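Shown next, in structure tokens, is the structure this report addresses.
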Amino acid sequence: MANASRSLDQTSESTSGEDYDDEQRRRQRRRPSVSVRLCRAPKQAHVYDSSAIDTPEIVPTDGGASADSTDADYMHPLGTSRSDSSGEKIKKTYVIASDDTELREILKRGLEREKEKRQPSRGREKLRDMVFTRQFSTFDRQNQDAAKSLFHGFYVLFWISVSFSIVKMATDNWRKTGSPLGTNEIMKSMFRRDVAVLFASDGVMCGITGLGWILQRLVLKGWIHWGRTGWIIQNIWQTIFIGGVVGLTLIRDWPWTHTVFFVLHGIVMLMKQHSYAFYNGYLSTVFKKHQQLLSRLKQLDNISPVTSPSTTKPPPSDLSVSHLSHRPSAAEYRDRRLSVSKNVSDGDLEQISHAIDSGSPLDMDQVQVFERIIKWEIDALTEELKGKATNPTHFYPRNLTFLNHYEYIVLPTVVYELEYPRSDSINWLYVAEKGTAALGVVFVMIMVSQSFIYPVVMRAVMMKENGWSTAARFREFPWILSDLVFPFMLEYLLAWYLIWETVLNFLAELTRFADRSFYDAWWNSVSWDQFARDWNRPVHNFLLRHVYHSSISSMRVNKHTATLITFFLSACIHELVMWCIFKKLRGYLLMLQMCQLPLVRLSRTRWLKNQKTLGNMIFWVGIFTGPSLLCSLYLIL
């Protein structure tokens with residue numbers, strides 16, 4: 001996740017659509033052509049700062065681009081409008097007869113801002129907002145919508161069928177071996193050795209994530225600058241962290257069960273650290289700017305304005321003040337950063353700071369406009385530091401506490417926010433239910449693996465040990481694949497249910513984490529990008545904020561390249577897990593996962609775009625054959 005930019009995780013908020021996040025893309029709207037006009041805000045309108053009424057400003061004639069759509073209807077005498085057949089106002093043209101140089105400058109600046117609105121944002125101003133709400137997972141019994149589903153009976157039938165299958169396997173094992181568990185090699189390998197070492201190592205791994213918290217405290221105190229060296233130190237630490245996790249599994253030579261658990265949990269801790277560090281690192285830059293503006297405001301308060309017009313630059317007419325009529329908020333601050341050029345907005349503040357520091361005389365108009373602009377920026381930055389939090393103890397930098405960090409570490413999310421929705425209390429009966437369900441699913445998975453997968457795997461291993469040639473082993477490939485298709489399909493579904501329905505809900509209830517949308521209806525996917533979004537929502541949100549949008553903002557790539565980077569990184573992480581299990585680097589999983597991208601493009605062609613049933617069939621064929629195909633390739637080759 002290392003980046004070559006010091007502002008890695010500042011999110012691009014361009015108006016271009018995106019492949020990886022269709023929900024965001026659907027919100028984008030086509031903007032009609034725009035002319036500009038000179039207007040004044042109406043005196044009867046409610047504004048945040050009434051002094052902005054007397055400030056002329058260029059605003060767009062379409063309501064969509066303006067922060068206040070009512071502004072587009074003022075001063076009708078200056079021009080006319082036309083409408084298309086649907087009644088949509090498409091353009092207004094105004095003629096202003098004036099040779100005033102100041103007026104021409106205002107018009108020029110307004111046109112420049114309009115041009116900037118149509119260009120992708122190049123600034124790295126804000127991380128993508130993640131919205132957490134109170135909700136239940138689809139298969140949770142507390143989800144009333146799921147309980148009322150017409151397909152709820154099939155869910156019940158599935159678990160009845162699984163129960164009967166387990167009973168049948170147990171009776172067969174009893175007849176053959178005298179034990180319901182059969183020869184039970186898998187469970188013996190799980191508990192043969194290093195169980196205590198595994199859990200102790202996992203505890204240490206979670207504990208050392210606190211180094212990220214220590215780094216953020218040093219950044220807050222000003223001992224480390226986040227934008228210069230802080231993000232580099234964080235990335236170096238993350239590399240050492242994941243290298244240590246993988247290295248320990250090799251040193252201890254753990255069985256595959258230990259390895260899978262430890263590596264996957266290590267990757268989760270890596271994502272948690274990254275999100276915590278880069279979100280708080282971004283807020284540290286906001287906080288620093290906030291403190292600097294407070295200092296400038298205090299300096300301005302000590303300045304006595306002169307009575308005669310001042311020649312000190314900038315004059316009030318050169319400053320953008322249209323935003324002062326809107327109450328500052330994080331959203332308004334972000335919208336202004338998008339709609340006004342970064343050079344214009346930050347340039348105004350730089351000019352104001354230079355004028356204050358120079359000690360040059362300022363007249364009353366300058367002092368008043370400077371004060372209004374600085375106060376608006378301070379209020380907007382204050383809202384940014386609050387984020388989605390409602391409790392003042394969670395505002396930055398008060399959130400940088402030992403307890404807050406480790407509370408986040410145990411929450412079932414890998415995206416850091418200042419505050420999450422929480423339930424009122426812990427339902428211990430629900431905790432027991434999910435804990436029991438998790439143990440039951442693990443038992444079912446062991447039984448299926450022992451009865452149907454383990455014998456096939458041992459047969460493939462014996463072929464290699466007996467010196468079979470590659471061609472001879474490959475002739476057995478179709479039979480091995482057919483033997484593994486059905487048990488691997490069942491294991492895939494059970495593994496998903498174990499993690500995203502039982503374990504995450506178990507943790508959510510213990511931590512009173514109320515947003516339990518850990519997955520969506522991925523089984524109805526008609527394309528692989530929909531599956532990537534829906535089957536694992538926590539990781540999708542992480543990739544969306546910290547990989548997809550960060551690639552756009554820090555590397556200046558387009559949405560298609562950002563999608564490629566996101567899929568490639570995800571594929572590399574999956575391939576790393578396969579390497580840890582099989583101790584072989586083949587790239588089979590990486591190639592298969594990257595093949596999803598052309599399939600995504602194919603799903604958007606006119607042949608498949610509206611063929612939902614066909615798209616879902618293609619998706620399920622991939623899910624049905626993919627896991628068994630991968631395992632067969634690693635065993636045979």
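The values are calculated or read from the model by the stated rules, or taken from the named source; none is laboratory data. Just so you know, these numbers come straight off a predicted model, no measurement behind them. Using ideal geometry, Cβ is built from the backbone for each residue, glycine included, and neighbour counts are taken over all protein chains shown. What goes into the accessible areas is simple: the full protein's heavy atoms, side chains included, and nothing from ligands, DNA or RNA. Shrake-Rupley method; radii C 1.70, N 1.55, O 1.52, S 1.80 Å.
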query: Averaged per residue, what accessible area in Å² does segment 396-533 show with a 1.4 Å probe, protein chains only?
result: 44 Å²
- line: Whole-Hz Karplus couplings 3J(HN,Hα) for segment 226-231, θ = phi - 60° and coefficients 6.51, -1.76, 1.60, Gly and Pro as x, run 4, x, 9, 10, x, 5
task: May I ask you to derive the FRET efficiency for LEU439 and ASP145 from their Cβ-Cβ distance with R0 = 25 Å, giving the value to the nearest 0.05?
output: 0.35
Spatial extent of segment 150-215: Rg and Dmax, with the Cα atoms as the point set, Å: 20.8, 60
message: Leaving out ligands, DNA and RNA, and with a 1.4 Å probe, what % of the accessible surface on segment 161-311 is carbon or sulfur?
response: 66 percent
query: At each listed q (0.18, 0.25, 0.26 Å⁻¹), what is the log10 of I(q)/I(0) that the Debye formula gives for segment 463-517 modelled as equal alpha-carbon point scatterers?
result: -0.70, -0.92, -0.95
- request: For segment 477-631, just the Cα atoms, rotate onto the principal axes and tell me the three extents in Å, largest first.
  value: 48, 45, 38
message: Can you tell me, using C-alpha contacts under 8 Å and at least 6 residues apart, the relative contact order of segment 217-326 as a whole percent?
response: 31 percent
statement: Listed by chain and number, the residues whose amide H is under 5 Å from that of VAL306, excluding neighbours fewer than 5 places away on the same chain and using placed H, are LEU362, ASP363, MET364
- prompt: Using modelled backbone amide H atoms (1.01 Å from N, in-plane), which distant-in-sequence or interchain residues come within less than 5 Å of ASP515's amide H?
  reply: GLN135
task: Only loop residues by DSSP count here, and only those with at most 10 other Cβ atoms within 10 Å; note down the chymotrypsin sites (Phe, Trp or Tyr not before Pro) in segment 514-620 that meet that.
output: TRP607
- prompt: HN-Hα J couplings of segment 514-528 from phi, Karplus 6.51/-1.76/1.60, θ = phi - 60°, integer Hz, Gly and Pro as x?
  reply: 8, 8, 10, 7, 6, 7, 10, 6, 5, 5, 9, 4, 10, 8, 6
Cα-based equivalent ellipsoid of segment 351-508: semi-axis lengths in Å, sorted from largest, via gyration tensor: 62, 26, 12
- prompt: Along the three principal axes, how long is segment 228-301 when you take its alpha carbons, biggest first, rounded to the nearest angstrom?
  reply: 69, 18, 10
message: For the pairs LYS148/LYS388; LYS176/LYS583; LYS289/LYS375; LYS464/LYS583; LYS288/LYS388; LYS221/LYS386, flag any whose C-alpha to C-alpha distance is greater than 22 Å.
response: LYS148/LYS388; LYS176/LYS583
query: Considering only protein heavy atoms, what per residue accessible area in square angstrom results for segment 129-268 with a 1.4 angstrom probe?
result: 59 Å²
- request: Using Cα pairs closer than 8 Å and at least 6 residues apart in sequence, work out the relative contact order for segment 138-278, in percent.
  value: 20 percent
task: Report in % the part of the accessible area of segment 511-599 that belongs to carbon and sulfur, leaving out ligands and nucleic acids; probe 1.4 Å.
output: 66 percent
Kirkwood Rh (inverse of mean 1/r, distinct Cα pairs), segment 487-550, angstrom: 12.9 Å
statement: Once phi for every residue in segment 581-588 is put through the Karplus expression 6.51 cos²θ - 1.76 cosθ + 1.60 (θ = phi - 60°), the whole-Hz ³J(HN,Hα) values, with Gly and Pro written as x, are 6, 8, 6, 9, 9, 10, x, 4
message: Taking R0 as 45 Å, what FRET efficiency do you get between PHE191 and ILE232 from their Cβ-Cβ distance, rounded to the nearest 0.05?
response: 0.60
- line: The FRET efficiency for LEU608 and TRP468, from their Cβ-Cβ distance with R0 = 51 Å and rounded to 0.05, is 0.80
message: Please compute, for the alpha-carbon atoms of segment 184-318, the extent along each of the three principal axes and give them in descending order in Å.
response: 93, 25, 21
